[in-house]
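Undergrad: Below you will find the structure I want to go over with you.
The values are calculated or read from the model by the stated rules, or taken from the named source; none is laboratory data. Predicted model only: the values in this text are computed from it and were never measured. Cβ placement follows ideal geometry from the backbone for every residue including glycine, while neighbour counts extend to all protein chains displayed. Surface accessibility is based on the protein's heavy atoms, side chains included, excluding ligands, DNA and RNA. Shrake-Rupley method; radii C 1.70, N 1.55, O 1.52, S 1.80 Å.
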Amino acid sequence: MSSSAIVPAESAIARADAAPRLKAAVIGAGLLGLDLAERLNTSPVLSCALVASRRSSASALRRAAQLGCQVSTEGIAAVVRADVDVVFDASSAEAHGAHWAALASSDVLLVDLTPSSGGSMVTPTVNGVRAESDRHLSLVSCGGQAVLPVLDAIARNSERVGDVEVVTTVASAGVGPATRDNLDEYLAITGYAVERLTGSPGVKVLATISPALPAPAFRAQITACAYGIQPAALSGAVEAAADAVRRYAPGYEVSALSVAAGLVQATVTVTARAGRLPSFAGNVEIINAAAVTLAERYARSREVGHRG
């Protein structure tokens, strides 16, 4: 495959309606990027116009083309030239800064799925409204998307949050090379997001990549000191938060919740139920579903603005 050409899509996916969609580009053709392309194919307000990467295999780009997207091996250079409205960065934290610099002067929404420190940190059910105004959104991390709705419920139903510990476990088969390379960034940005949301003076984030077979579902365990908390109110708030997340990630569950002597412990599990993802890849499902949900909110707000 030529390193300079954009390869035409091998097939286009027929659509039943002709409503205009915002065109999206995906940077990266790994597990995250290909799943994003599939999700965009089913969105009522977005379409996948381009998948661009400099590191992905030819077979990965062929798969993207089969999904109805144009593909390129030029990475961000191809995205800059493309006529798109939304860009999803599923590459690496190291590369994201350069990607934003290349797109900052353009009128596009950049949704960052890497654990970099740029952009407004957003979770759909916590502060998703920011997708309607901010042009540079950070999805924090898959762990962040899993725990922040629960931690938001804890913060809103207590007088003060003390130390917080988050431990995530993900199947080895569901972790690509970029995620492994960015593990330190994952821990740092997840911890920073938890600190910003809860006001906790001490946050510790740990991560385990499990080689166990059968592959375990994506899981996040939360331990938080919370002062002045009412267990009954918290239980209802957590249940409501989980229901809200399930609107875009149906496999999201708070499988355990306990409160004792000001110590809150919760376990979140995410099972992938969409597309061709294996069920254990809940880490991919939670962050990709959140990314598309936020971009769809942006698209709908822009449509309303144009009509107004």
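Undergrad: If I ask for residues that are farther than 20 Å from Ala295 by Cβ and among the charged types (D, E, K, R), which ones from the stretch 242-260 would you list?
TA: Scanning the stretch 242-260 gives Asp243, Glu253.
Undergrad: Separate question: Got at least one residue in the stretch 127-137 being open to solvent by less than 60 Å² (accessible area, probe 1.4 Å) and within 20 Å of Glu94 (Cα to Cα)?
TA: Within the stretch 127-137 (the criterion being open to solvent by less than 60 Å² (accessible area, probe 1.4 Å) and within 20 Å of Glu94 (Cα to Cα)), the answer is yes, since at least one residue qualifies.
Undergrad: Taking the stretch 148-163 on its own, how many of its residues are in contact with a helix residue (DSSP H, G or I) (Cβ under 7 Å, 6 or more places away or on another chain) and either part of a strand (DSSP E or B) or not small (Gly, Ala, Ser) (or both)?
TA: Total meeting the criteria: 9.
Undergrad: Would a scan of the stretch 155-169 turn up a residue that is basic (Lys, Arg) and farther than 30 Å from Arg300 by Cα?
TA: Yes: one or more hits.
Undergrad: If you scan the stretch 229-248, which residues turn out to be more than 25 Å from the chain's Cα centre (by Cα) and of a type outside the set (Val, Ile, Thr)?
TA: Correct list: Gln230, Pro231, Ala232, Ala233, Leu234, Ser235, Gly236.
Undergrad: Next up: Picking from Ser2, Ser43, which residue would you name as being modelled with pLDDT under 90, open to solvent by less than 80 Å² (accessible area, probe 1.4 Å) and in a loop (DSSP other than H, G, I, E, B)?
TA: Going through Ser2, Ser43 in turn, the sole match is Ser2.
Undergrad: Further question on the same structure: Pairs only if they're at least six apart or on different chains, beta carbon under 8 angstrom, first in the stretch 166-183 and closer than 14 Å to Pro278 by Cα, second open to solvent by 30 Å² or more (accessible area, probe 1.4 Å) and of a type in the set (S, T, N, Q); list them, first residue then second.
TA: Once the first residue is closer than 14 Å to Pro278 by Cα and sits in the stretch 166-183, its partners that are open to solvent by 30 Å² or more (accessible area, probe 1.4 Å) and of a type in the set (S, T, N, Q) give Val170/Thr208.
Undergrad: Quick check, is Gly199 surrounded by fewer than 23 Cβ atoms within 10 Å (Cβ to Cβ) and at positive phi?
TA: Yes.
Undergrad: Which numbered condition trips up Leu110, out of (1) of a type in the set (A, V, I, L, M); (2) assigned to a helix (DSSP H, G or I); (3) crowded, with 21+ Cβ neighbours inside 10 Å?
TA: If we test Leu110 against (1) of a type in the set (A, V, I, L, M); (2) assigned to a helix (DSSP H, G or I); (3) crowded, with 21+ Cβ neighbours inside 10 Å, just (2) comes out false.
Undergrad: In the stretch 253-276, which residue that is among the aliphatic types (A, V, I, L, M) and open to solvent by 20 Å² or more (accessible area, probe 1.4 Å) is farthest from Ile154 (Cα to Cα)?
TA: Ala274
Undergrad: Continuing with the same structure: Scan Ala237, Ala290, Ala244, Ala295 and give me the residue that is open to solvent by less than 30 Å² (accessible area, probe 1.4 Å), more than 26 Å from Val164 (Cβ to Cβ) and in a helix (DSSP H, G or I).
TA: Ala295
Undergrad: Restricting attention to the stretch 169-187, which residues are crowded, with 17+ Cβ neighbours inside 10 Å and aliphatic (A, V, I, L, M)?
TA: Matches in the stretch 169-187: Val170, Ala171, Val175, Ala178, Leu187.
Undergrad: Pairs please, first residue from the stretch 288-304 and closer than 21 Å to Arg246 by Cβ and β-branched (Val, Ile, Thr), second anywhere and open to solvent by 10 Å² or more (accessible area, probe 1.4 Å) and in a helix (DSSP H, G or I), Cβ atoms under 6 Å, 6+ apart in sequence or on different chains.
TA: Val292/Arg39; Thr293/Pro124
Undergrad: If you don't mind, there's one more thing I want to ask. Please pick out the residue among Arg81, Arg55 that is charged (D, E, K, R) and at pLDDT 95 or above.
TA: From the options Arg81, Arg55, the qualifying one is Arg81.
Undergrad: A further question on this structure: Counting only residues that are outside any strand (DSSP E or B) and either charged (D, E, K, R) or free of Cβ contacts under 8 Å to residues at least 60 places away in the same chain (or both), which one in the stretch 215-234 is surrounded by the most Cβ atoms within 10 Å (Cβ to Cβ)?
TA: The residue in question is Pro231.
Undergrad: Next up: What number goes with the only condition from (1) among the small types (Gly, Ala, Ser); (2) open to solvent by less than 30 Å² (accessible area, probe 1.4 Å); (3) in a helix (DSSP H, G or I) that Ala77 does not pass?
TA: Against the list (1) among the small types (Gly, Ala, Ser); (2) open to solvent by less than 30 Å² (accessible area, probe 1.4 Å); (3) in a helix (DSSP H, G or I), Ala77 comes up short only on (2).
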